[in-house]
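Below is one structure, written out as structure tokens; comments come after it.
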Amino acid sequence: MGSGSSSCAPKTIYLDVDGKVQKVLFSRHCSPCDITELLCSSSDIPRSEDMFQNVLSEVAEQFSRAFRINELKTEVTNRLAMLEKRVELEGLKVVEIEKCKNDLKKLRDEMTSRAGGRVNCPCKYNFSDDGKKLTPRRDVPSYPKYTLSQETIEALKKPTFDVWHWEHNEMLSCLEYMYHDLGLVKEFNMNPITLKCWLLGIQENYRSNPFHNFRHCFCVSQMMYGMIHLCNLQEKLTLKDMGILMTAAVCHDLDHPGYNNTYQINARTELAVRYNDISPLENHHCAVAFQILSLPECNIFANVDPEAFKQIRQAIITLILATDMARHGEILDSFKHKVDNFDFTNEEHVTCLKMVLIKCCDISNEVRPTEVAEPWVDCLLEEYFMQSDREKSEGLPVAPFMDRDKVTKPTAQIGFIKFVLIPMFETVMKLFPQIEEIMVQPLRDSRDHYEELKQIDDAMTEKKKTENMSLGGKKK
């Protein structure tokens, strides 16, 4: 239906009646009756007032609907515009949040490198975000390449290597060099880019704990590399064994929360529940290691056949689980029974040796020169005190050797060196006598050093007691 009009012109109405268009003309002075008459005559409908009223009502209703539709369109358009604005704002927020996260990560890495890796981790260990660090890298790894000098290459092979002088990218380059130097890249047909990506994934999944951090990972891996050379293991073990030893060392403390198994079990953490109180941390380290390896861009064993990978996986798990100090006596006793008649062709003997080797490397700091070893004691005590403070606040048992009110640096080290380190390294020395001068003697010297410090501490304590008693006597 349509109509056209002006202030003086006759009125024109077009009506569609049964598919037939009818044109009605009338002047603006026509009365309602005239209009009714004209409409009825033009459309051959009876002259009925009711009929005409119905037509007009329908026309009015259609006009009303048209207006309502326009109003709805306007309302919908306005609401869509508002939603688009909100989406845009939310999108900007997400971008800002991601930018903040990246800035924080850069700041944390900078603080870590400046402080030698000693930045406290968050106190609460939230296991629900275990996987969030394992985001696949779609880019080609690009950590700054550090070119190793001949002096560094030679130093890397020795237990005296100073691990405190290196930035993260330099440690990554050293680890990369070790894999190439030992022939592991060639043996396992590793893609060099994949090796870089895997190492970056490893670094990202070590937390910034005072002790159990990426520098500790590097420290243990470098000691393993040094022992391989010192003990001539390339001549006695297979390249597959070398790869298992190095990879287990690199992965052995992945995502360590800074609180040991005793805390996990006593606090009934999610890890303790998940692994039924059986080596919860070591099981977690294994799980994270193989989560990283499950990413195609990080799978350094991608070109190994499935059966060989199954054996490699089981061997790495065995070695990482062996680092649980709760199993120390069991593993060392087993090795003692084999060492006098050790057979390098016996798979059980070799597995036991590899377990002892990773244990030696894991707790080998005191083998290094005092200026390298002693800062690690400070780091370890800092982490211990964090745990014992938390245990006190949560009403959990506190181990005396972790209690800041009871332990000193000498008392923390003397018993550990005398009853754990020296017996284990002296047992390994039976199989590899060449380690005595370079590894065992420094442990004996370290024991003597801390015993002297303890004597000084005891003398100072006794002197203070005497002075206090003397002052007390004078007051009386």
Legend entry - Karplus 3J(HN,Hα) series, Hz, for region 190-205 with 6.51 cos²θ - 1.76 cosθ + 1.60 (x for Gly, Pro): 6, 6, x, 5, 5, 4, 4, 5, 4, 4, 5, x, 4, 4, 5, 9
Legend entry - Tensor-based shape of region 307-418 (alpha-carbon gyration tensor, a/c under 1.5 rounded, otherwise prolate or oblate): prolate
Inset, instruction - Enter the per residue convex hull volume of region 256-304, computed from alpha-carbon coordinates, in Å³ rounded to the nearest integer. - result: 81
Inset, instruction - Just need the relative contact order of region 328-405 here, percent rounded to a whole number, with Cα pairs under 8 Å and 6+ apart. - result: 18
Legend entry - Most to least packed among 409-418, 339-348, 322-331 [average Cβ atoms within 10 Å]: 409-418, 322-331, 339-348
Inset, instruction - Report the Stokes-Einstein translational diffusion coefficient (µm² s⁻¹, integer) for region 143-253, Rh taken as the Kirkwood radius over Cα pairs, at 25 °C with viscosity 0.890 mPa s. - result: 173
Inset, instruction - Compute the length gained on full extension between Lys336 and Ile438: take 0.36 nm times their separation in residues and subtract their Cα-Cα distance, giving the result in nm to one decimal. - result: 34.6 nm
Inset, instruction - Compute, for Asp445, the solvent-accessible surface of its heavy atoms (probe 1.4 Å) with the complete set of protein chains present, and express it in square angstrom to the nearest 10. - result: 80
Inset, instruction - Work out from phi, with θ = phi - 60° and the Karplus expression 6.51 cos²θ - 1.76 cosθ + 1.60, the ³J(HN,Hα) of each residue of region 181-186, listed in order in whole Hz, and give x for Gly and Pro. - result: 5, 7, x, 6, 4, 6
Legend entry - Centre separation in Å (Cα based) which lies between region 369-436 and region 185-210: 29
Inset, instruction - Assign one of three labels to region 274-343, namely rounded, prolate or oblate, based on the Cα gyration tensor with a ≥ b ≥ c the square roots of its eigenvalues; rounded applies when a/c is under 1.5, prolate when it is not and a/b is larger than b/c, and oblate otherwise. - result: oblate
Inset, instruction - Calculate, for Ala459 and Phe419, the FRET efficiency according to 1/(1 + (r/R0)^6) with r their C-beta to C-beta distance and R0 41 Å; round to the nearest 0.05. - result: 0.95
Legend entry - Which listed pairs, of Lys157/Lys236; Lys196/Lys240; Lys359/Lys454, have C-alpha distances above 22 Å, in listed order: Lys359/Lys454
Inset, instruction - Filter the GluC sites (Glu not before Pro) in region 368-437 to those in DSSP coil with at most 16 other Cβ atoms within 10 Å of their Cβ, and list the result. - result: Glu394
Legend entry - Pair-distance profile P(r), taking every C-alpha pair of region 155-460, with 20 angstrom steps and integer %: 32, 60, 7, 0
Inset, instruction - Given the peptides 254-266, 307-319, arrange them by the average over their residues of other C-beta atoms within 10 Å, most packed first. - result: 254-266, 307-319
Legend entry - Dipole moment magnitude, nearest 20 debye, region 170-278 about Cα centre, only Lys, Arg, Asp, Glu C-beta charged: 100
Legend entry - Residue-span extension gain [Asp389 to Arg79] - 0.36 nm each, minus C-alpha spacing: 106.1 nm
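The values are calculated or read from the model by the stated rules, or taken from the named source; none is laboratory data. Computed from a prediction, not measured in an experiment: that's the story for all the values here. In this analysis, Cβ positions are derived from the backbone assuming ideal geometry, glycine residues included, and neighbour counts consider all displayed protein chains. Ligands, DNA and RNA are excluded from the accessible area calculation, which covers all protein heavy atoms including side chains. Shrake-Rupley method; radii C 1.70, N 1.55, O 1.52, S 1.80 Å.
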